[in-house]
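Enquirer: Can you read through this structure? Questions will come right after.
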Amino acid sequence: MGSSRIPELDGLRALAMTAVVAQHCGLAPFGWTGVWLFFVISGYVISRNFVQRRYQAGGWADQYRAFMLRRFFRIVPAYVLYIAVAALAVAAVGNRAPLGEVPFLLTFSYNWHMIFDFWSLHAGWAGFGHLWTLSIEEQFYLVYPLLFLLLSGNAHLATLCALVALGPLVRLVYATGLASASIDGAWVGFAVYASSFAQFDAFLLGALIAHCEDALRKRAWVAHCLAGAALLAAAAYVAWCVHLNRSGGATGLDLVRNIFSGVLYSGGREVFVYSAIDLLAAAAVVYAILQKPIFRPLTHPAIVLVGRVSYGGYLYHALVLWTVAGLVGPLSAAPVLLRLILFALVWAITVGLAYASFRWYETPIIRWSRTPRGEGADAVAFPRPQTAAGLVRMAADARASSHPRQLPPFEAPGQGVDCIRVPKPRTGASDDRDWDAHQACATDTAGECQTGVSWASFTHLDPHRRGHAGLRGPRPGADAAGDGHT
């Protein structure tokens with residue numbers, strides 16, 4: 001298994017982030033599927049670190065602690081900064097209702113708060129709404145390392161396969177239980193959408209790819225089989241939904257409604273739509289890992305750079321979009337041409353803020369968190385952070401080198417390669433500077449995997465319908481394609 005960073009994965013991250021921003025600008029009603037691409041990438045990256053024995057010092061408890069600390073310093077500082085800035089911004093305009101959501105945000109339980117509307121505090125503010133995906137990811141991080149650390153290799157692999165296969169069944173049982181407590185089908189669909197355990201199979205599918213990476217590299221034809229299976233699954237799902245729509249009397253364009261956007265409930269939509277998306281995302285990740293020619297455009301230095309700062313892009317795009325919408329009005333009411341212009345503006349500002357955050361805030365914190373604590377083989381050393389021009393130049397150099405598909409392992413921490421010092425020989429004859437040239441490097445990009453869509457801008461939510469019978473919670477409405485940000 002290679003240890004260098006894979007630029008094609010950064011390209012996928014850039015595409016996923018762009019899709020989410022486009023949805024919130026009212027341009028791509030199915031842009032939310034980019035979130036599931038991030039989920040699969042996240043599962044792959046953190047599992048790759050475990051497979052490469054990144055956390056092998058001490059017992060399982062020590063390894064679990066090392067993993068959680070690594071995730072904490074990668075995710076939490078920027079996350080907390082964003083919450084603070086967003087809270088100040090919304091309070092400055094006289095809207096204090098969203099401040100009641102901060103406890104749920106800080107405890108990474110925001111997705112459950114959005115579903116069940118705890119204490120009637122959920123304000124549905126777009127500046128916070130997209131953060132539910134971090135709650136799902138952090139909840140996965142609490143559980144998955146234990147699965148890896150406490151089970152043997154074969155048992156862990158078998159468990160992964162079983163859990164991935166059981167994903168649709170988990171959603172079916174969960175949706176059936178929720179439907180028995182509420183007659184609001186749209187709310188049940190949203191509850192399945194935002195519940196962590198109902199979406200864990202996306203992460204686990206990425207983890208399965210990491211475990212099978214060496215085999216995939218030796219048998220590249222498997223990637224084509226996976227892609228074919230994913231396309232067949234998606235086609236079967238679409239055909240089934242069209243049949244359901246026709247049976248309900250739909251004609252024309254209505255035949256293709258509520259398939260990958262709209263009300264994703266009834267007839268098995270809430271069960272199988274995510275499986276189809278997961279398989280398509282997994283096929284894309286495998287192609288990226290194998291660096292297939294079709295993904296060559298994604299290795300363009302500018303695209304790679306956007307992918308590297310996609311975590312910040314996820315955080316800041318909602319606040320930027322909220323600010324722009326406050327100036328020009330709801331984007332759903334704007335002409336398509338204006339939406340395109342605003343999308344380009346929001347995207348550019350978002351990427352700029354994301355890079356600034358990464359360069360001058362996130363990177364120093366990560367470097368400090370992984371500074372060697374005394375002597376030992378597990379001490380971690382980091383190269384100096386790179387400027388944007390430096391990162392683009394390295395990517396361009398990599399494309400022109402004898403290995404054009406592999407970026408050099410000299411990048412900023414958390415977004416690139418972390419260099420872990422191998423134990424120094426105990427002979428006393430080796431010079432420190434000579435030995436430092438022989439460092440084993442491994443990839444760590446798990447922190448870049450989060451992005452999401454806000455509750456208020458979920459494609460099948462109607463902002464005018466707030467209550468519903470039965471369990472309390474936000475009530476999604478009918479299909480609202482293109483109504484992404486309002």
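Here, each number is a calculation from the coordinates, and none is a lab measurement. Note that this is a predicted model, so its numbers are computed, not measured. We place every Cβ from the backbone using ideal geometry, glycine too, and count neighbours over all the protein chains shown.
Enquirer: With an 8 Å Cα cut-off and a minimum separation of 6 or more residues, compute the relative contact order for the range 1-113 in percent.
Expert: Answer for the range 1-113 is 12 percent.
Enquirer: Roughly what would the spin-label model give for ALA235 and ALA302, points 7 Å off Cα along C-beta, in nm?
Expert: 3.6
Enquirer: At what distance in nm do the modelled label points of ALA84 and ILE294 sit from each other, each positioned 7 Å from its Cα along Cα→Cβ?
Expert: 4.5
Enquirer: Modelled label-to-label distance, CYS212 and ALA344, 7 Å Cα→beta-carbon offset: nm?
Expert: 4.3
Enquirer: Continuing with the same structure: VAL222 to PHE30: extension gain in nm, 0.36 nm per residue of separation minus the Cα-Cα distance?
Expert: 66.3 nm
Enquirer: Work out, step by step, the length gained on full extension between ALA158 and ALA333: first 0.36 nm times the residue separation, then minus their alpha carbon distance; give nm to one decimal.
Expert: 58.0 nm
Enquirer: Could I ask something else about it? Which order, highest average first, do 83-91, 195-203, 163-171 follow once you tally other Cβ atoms within 10 Å for each residue and take the mean per peptide?
Expert: Per-residue mean Cβ counts within 10 Å order the peptides as 195-203, 163-171, 83-91.
Enquirer: Multiplying the sequence separation of LEU151 and LEU172 by 0.36 nm and subtracting their Cα-Cα distance, what value in nm do you get?
Expert: Here the segment from LEU151 to LEU172 would lengthen by 4.8 nm.
Enquirer: Given contacts defined as C-alpha pairs under 8 Å and at least six residues apart, what's the relative contact order of the range 54-185, whole-number percent?
Expert: Result for the range 54-185 is 21 percent.
Enquirer: Under the Karplus relation 6.51 cos²θ - 1.76 cosθ + 1.60, θ = phi - 60°, what is the ordered set of whole-Hz ³J(HN,Hα) values for the range 90-98, x standing for Gly and Pro?
Expert: 6, 5, 5, 9, x, 9, 9, 4, x
Enquirer: Quickly rank 285-297, 334-346 as a protection proxy: mean count of other C-beta atoms within 10 Å, highest first.
Expert: 285-297, 334-346
Enquirer: Next up: For LEU131, which sequence-distant residues (separation of 5 or more, or a different chain) have an amide H within less than 5 Å of its own amide H, given hydrogens modelled in the peptide plane?
Expert: Those qualifying (amide H under 5 Å, at least 5 residues apart or on another chain) number zero.
Enquirer: Where does the range 81-156 land on Rg(C-alpha)/(2.2 N^0.38 Å)?
Expert: Relative to the 2.2 N^0.38 Å estimate, the range 81-156 comes out at 1.42.
Enquirer: What's the ranking of 311-323, 213-225 by average number of surrounding C-beta atoms within 10 Å, highest first?
Expert: Output ranking for 311-323, 213-225: 311-323, 213-225.
Enquirer: Now for a different question. Give me Rg over Rh for the range 231-274, both radii from the alpha carbons and Rh done the Kirkwood way, two decimal places.
Expert: Rg/Rh for the range 231-274 comes to 0.93.
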